[in-house]
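Worksheet: the structure to be examined is printed underneath.
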Amino acid sequence: MRTTVAIAALVLVLTACGDDGGPSTAVDRADPGAAGGATTAPSRPTGSPSSDGPVRSRSLATVMDVGGGAELCLGPVAESYPPQCGGPRITNWDWSTQRGTFEAQGDVRWGTYAVTGTWDGTAFTVTEAVPGALYDPAPEEESPLPEPSRDYSQAEAEAVATELGSWLPGVQGAYADGGGHVLVDVVHDDGTLQEYLDRTYGAGVVVVTSALVDA
């Protein structure tokens, strides 16, 4: 009898050990590679990626100087007089070379330009500035948004947008479009930010638009 009981107990133990009912731990959303054990969660970016070569503004940008040096406004501009905006510093802006292309009120000077130059991650160095009145670009065809690889409710997408708006390097704005995407505008992305966000939230969920693009 004792031998029979012992064998039965051993069978129960081996059956429990061989149970393949699924993983016993949850996989974090921000670590999509953890289930396979091959990769780890990507490191959160801590700064705006610098450019390897010349970059240009995707569209017209406002150069604003309130007396402390010129800044490149790549995000929203308040429609006041003078307008109000802020952005990264321009290291070498010279208003004397832009006579007749800007407005001034007191110490405040501003104008719109299509700029080309270099981006070091914190400041822009201009090599060419085309005044807005002379800017006549060829129309760019808009690329369709990618299909989101994960389903987010509108509330979840809005929460992601709020989170990214609080910390993503160079963020100019972020919002949920109601179609499963979170659209994010940044000063510059060489692909590093998009890669991190794809791995963190799922490919095609967060779509990054860079204000500075390769020239």
Using a simple spin-label model with points 7 Å from Cα along the Cα→Cβ vector, what separation in nm is obtained for Ala138 and Tyr81? 3.9
Is there a quick way to get the dipole size of region 122-215? I mean about its Cα centre, with the Cβ of Lys and Arg at +1 and of Asp and Glu at -1; what is the value in debye to the nearest 20? 280
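Return the FRET efficiency for the residue pair Val213, Ser149: r is the Cβ-Cβ distance, R0 is 25 Å, and the value is rounded to the nearest 0.05. The partial results should precede the final answer.
On the way: r = 25 Å, r/R0 = 0.99.
Efficiency, from the Cβ-Cβ distance: 0.50.
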Among DSSP bridges having both ends in region 136-215, what percentage is antiparallel? Round to the nearest 5. 45
Can you give me the orientation-averaged projected area of the convex hull built on the Cα atoms of region 53-156, in nm²? 9.8
With every protein chain present, what is the per residue accessible area of region 113-215 (1.4 Å probe, Å²)? 51
So, for the Cα atoms of region 100-215, Rg and Dmax in Å stand at 17.3, 52
Return, for the Cα atoms of region 87-142, the radius of gyration and Dmax in Å, separated by a comma. 12.9, 41
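Which order do peptides 45-56, 202-213 fall in by mean Cβ count within 10 Å, highest first? Write down the numbers at each step before the final one.
Numbers: 45-56: 15.4, 202-213: 20.2.
By packing density, highest mean first, the sequence is 202-213, 45-56.
Thr192 to Ser96: extension gain in nm, 0.36 nm per residue of separation minus the Cα-Cα distance? Spell out each step's value before the answer.
Details: separation 96, 0.36 × 96 = 34.56 nm, distance 3.69 nm.
Stretched fully, the Thr192-Ser96 segment lengthens by 30.9 nm.
The values are calculated or read from the model by the stated rules, or taken from the named source; none is laboratory data. None of these values were measured; they are calculated from a predicted model. Methodologically, a virtual Cβ is constructed for each residue, glycine included, from the backbone with ideal geometry; neighbour enumeration extends over all protein chains shown. The area values use the complete protein model at the heavy-atom level, side chains included, leaving out ligands, DNA and RNA. Shrake-Rupley method; radii C 1.70, N 1.55, O 1.52, S 1.80 Å.
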